[in-house]
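This report refers to the structure that appears directly beneath it.
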């Protein structure tokens, strides 16, 4: 399969006008968001990326509240903060930098 | 690394636990600074200056019905004003405080083409010029040199509009369809909402709430009788909301603002689309189904903590029908009955919106009558300015995210001397919402292009 950068998703599968279904904060979900970020250029695309990062931030936030003793807590906390950083970069029209931030969690 | 792969799905929110430990500075996806930038509208604030680049609905003509009638108070964008209709029928909108000793011009006499302060007799015309200063000796009068703050007004579309910005940036009037139909084709109402304007707009473009907040219990539970009733219904919204509870959201930036498109599966070969417009700075149009009247809102900041909700129903082709007026009268949809002096809704926070808990138990989600009161109750419950740093948004909030991002761009743009395009191009408002079936291979902006053109 032809790879799209480091995201592991074929560019033929990536339509930046589609919103990634964020059901969890798995590596697959992050890869898909990263792949969409890499091809996002328009106002609308960036809004969808913001929405996806909002969802990642929300569910990591819920995880941190509900799983205070989890061994994954520190890692999820970093992802939670990373989603916020990436979100601000997307809002600043810097999706490639946002993708770089998210890639550190793969 | 896959350590979180399964963890999230096990995670269910426990709302009893606060998030404040998580974000000690309280900053979430919309920062405190951005929330303030969007919601503060006094003169001199960035959003306040942005709103002051547009014509805004200010009052109903019936509030100042006849020449030389009593003046009325109007609060807009954090400014206390007084409106009056002069002897020639022109509507003036002046700063409420007289520039002499700051007494209220609300107590003034509206006489012979001017509003006279009853404290010392200074009199102002609709342009704010002091045309008489009788308490000063003739040789010391400086009446022609005194001017109070006055804003230009315009009667248009059944409303009095005001422009509160710099004269050199005076915009065009928005060519909204409802403003250009004959008076008999249109009904406009005004109500006070005790929240910042932004959360009112957010309610207006949040397509996913209607399946819950405005639903009957039968619709929410999908009872057999409800399914039977709507499955062959001509009400496309009811029918296709039933078939697809998880719609697909998309937004498109336009010259006037945004079109928000929500797609649901319909028949084997088709999608059901509902298209809502958000028109800068704060108009919305509810998805319209051919053959019915169209409804829309304009949410005008009164101050940071309250807004005026202007609600319009119109039919471009014919006078509003008896059915339309019945819906208006019984408050079942977008209009609500108000106190005629204060415009505060009859159903309000003080009387708990007249909630009927028995009706809530047996019939509707809220037990509150009418969409307008349901919206108002839930939006006011969030506080006057909702703390957006503590929100948890998901992908169904895409329209809200897009609207905020667009407004932030526009507000910041103006702060860098980029004048808002829509304010100077009234033609871009010549649009209409839509709801329709389209073949699955047709994009909404192609398939609905003709329907989204206003026709008067």
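The values are calculated or read from the model by the stated rules, or taken from the named source; none is laboratory data. Source: prediction; values computed, not measured. For neighbour counting, all protein chains shown are included, and Cβ atoms are generated from backbone atoms with ideal geometry for every residue, glycine included.
This table checks each residue for (1) surrounded by fewer than 18 Cβ atoms within 10 Å (Cβ to Cβ); (2) in contact with a helix residue (DSSP H, G or I) (Cβ under 6 Å, 6 or more places away or on another chain); (3) not assigned by TED's automatic domain parsing to the domain that holds residue B:295.
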| position | (1), (2), (3) |
| --- | --- |
| B:183 | yes, no, no |
| B:194 | yes, yes, no |
| B:197 | no, no, no |
| B:204 | no, no, no |
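All conditions but one from (1) farther than 20 Å from residue B:392 by Cβ; (2) touching a residue at least 12 places away in the same chain (Cβ under 8 Å); (3) in contact with a helix residue (DSSP H, G or I) (Cβ under 8 Å, 6 or more places away or on another chain); (4) within 11 Å of another protein chain (Cβ to nearest Cβ) apply to residue A:40; the one that does not is (4). Of the residues making up segment B:229-249, not a single one is crowded, with 16+ Cβ neighbours inside 10 Å, part of a loop (DSSP other than H, G, I, E, B) and at pLDDT 95 or above.
Within segment B:39-50, the residues that satisfy the criterion of being crowded, with 22+ Cβ neighbours inside 10 Å and in a helix (DSSP H, G or I) are B:47, B:50. Residues that are under 31 Å from the mean Cα position of the chain (by Cα) number at least 1 in the following strands (runs of 3 or more DSSP E) confined to segment B:112-186: B:153-156, B:159-163.
In the set (1) at the interface with chain B (Cβ under 8 Å from one of its Cβ atoms); (2) assigned to a helix (DSSP H, G or I); (3) surrounded by fewer than 16 Cβ atoms within 10 Å (Cβ to Cβ), the condition left unmet by residue A:63 is number (3). The strands (runs of 3 or more DSSP E) falling completely within segment B:276-367 include none with 2 or more residues that are more than 21 Å from the chain's Cα centre (by Cα) and modelled with pLDDT under 95.
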